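Data block below; observations after.
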Amino acid sequence: MSSNRQTIRGRLAPSPTGALHLGNARSFLIAWLSMRSRGGTIVMRMEDLDHPKVKPGTAEQALADLCWLGLDWDEGPDCGGPHASYVQSERIAYYRKALCQLADARMVYPCTCSRSDVESAQSAPHVGDDGPRYPGTCRDRYSSFEAARAALLDDRIPAWRFRVSDECVRFVDGFHGPQDQHVHEVVGDFVIARHKDGAGYMLAVVVDDAAMGITEVLRGDDLLSTTHRQILLYQALGLTCPQFIHVPLVVSPDGRRLAKRHGDTRISALREQGVSPETIVGMLAHWCGWAEWGETLMPQDLLPRFDLTTLPKEPTVLTEEVKRYLGIRD
């Protein structure tokens, strides 16, 4: 390829299950700066497969909020591109093809176990951060997805689980450094989708990142532990893994993720109150160590300041001082 812009590709991938808040915006800003500082291409993809939680209008609101903050992209639902569609619910044929490949290789199987079934099968009472480990109850239980569905007496849909071998998965994260995990010991055979055709986050994100030529995935470090599972899917499908970079989250003083109980941190709410995008971006940059307190900036102003090595290693805390400065309402 003739230019850096063609070979370096990142993505912004919001999910329309809730409004964009300050924590999301900070991660998207860092991902945007990582690409734009090197002349890379940015793909916007709407990850809307979590149907029960998808809220009407939130996809459009997310795009509007990101544009208002000064973030842009080169390909996406609103502007098209060579890898359309950029909306996951319109890409189910791709997931079906990948699922068939895995099924033909006997790397996946249908599972009818509920979470309570898995928890009750635990030999020890402790459940890890990734949930209870799956003991393989349905590994050789059903001849087909249809047989598994017929075995259910309620409206639940069988899940597709990936057969995990007893090996250690290793990769080097672009922020946290070397990572390793025995997926078999930590979570066991994991769910890749709860849809007949494989339309679920774990499989879809791997299929889409590979199909769209994504070379760098920069996201919150709450997804760090899932990366080992995604790497197994890349390998099983014969796909090339991108570079993974996981950055710390914005949390409340009690260490938990931002929620309504911590105040209204939605970008749309701050917009309605008259807070400027420059004020918000300046605060996001301050949290990253790239701006002084009170600086007002737009994303392009941060391009010469972008440096992942100066990003704080610990989560950023939404303090009362920040809430007062931004006018965040409880």
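Based on the Cβ-Cβ distance of residue 298 and residue 143, what FRET efficiency does E = 1/(1 + (r/R0)^6) give at R0 = 45 Å, to the nearest 0.05?
That gives a FRET efficiency of 0.20.
By a straight-distance test (C-alpha under 15 Å), which aspartates and glutamates pair with residue 313 as possible cross-link partners, with residues fewer than eight away in the same chain excluded?
173, 221, 222
Within a Cβ distance under 9 Å of residue 160, other residues only, what is the Lys/Arg minus Asp/Glu net charge?
Here the charged neighbours net out to +3.
Using Cβ contacts closer than 10 Å as the measure, can you line up 328, 30 from fewest to most?
328, 30
Could you list, bin by bin from short to long, the percent of Cα-Cα pairs of region 91-247 in 5 Å steps?
The distribution over region 91-247 is 2, 9, 18, 21, 21, 16, 10, 4, 1, 0, given as percents.
Which parts of region 66-87 would a label at residue 38 reach, counting a residue when its backbone N lies under 19 Å from a point 7 Å out along Cα-to-Cβ?
Under 19 Å, as judged by backbone N against the label point of residue 38, lie 72-75 of region 66-87.
Where does the charge balance sit around residue 277 when Lys and Arg score +1, Asp and Glu -1, over other residues with C-beta under 12 Å from its C-beta?
-2
Mind telling me which of 80, 23, 188 comes out most flexible in a GNM of the chain, alpha-carbon contacts under 10 Å?
80
Give the order of 293, 160, 68 when sorted by the count of other beta carbons within 10 angstrom, beginning with the fewest.
293, 68, 160
On the first, second and third principal axes, largest extent first, how far apart are the outermost C-alpha atoms of the chain in Å?
61, 50, 39
Can you put 190, 175 in order of Cβ neighbours within 10 angstrom, beginning with the fewest?
Listed from fewest to most nearby Cβ atoms, that is 175, 190.
Round to the nearest 0.05 the FRET efficiency obtained for residue 273 and residue 120 when R0 = 45 Å and r is the Cβ-Cβ distance.
Using R0 = 45 Å, I get an efficiency of 0.40.
Calculated FRET efficiency, residue 55 and residue 211, Cβ-Cβ r, R0 30 Å, to nearest 0.05?
That pair, residue 55 with residue 211, gives E of 0.65.
If I take every Cα pair under 8 Å that is 6 or more residues apart in the chain, average their sequence separation and divide by the length, what percent do I get for the relative contact order?
This gives 19 percent for the chain.
Just so you know, all these numbers are worked out from the coordinates, no wet-lab data involved. Owing to the predicted nature of the structure, the values given are computational and were not obtained by experimental measurement. Every residue, glycine as well, gets a Cβ built from its backbone with ideal geometry; the counts of neighbours run over all protein chains shown.
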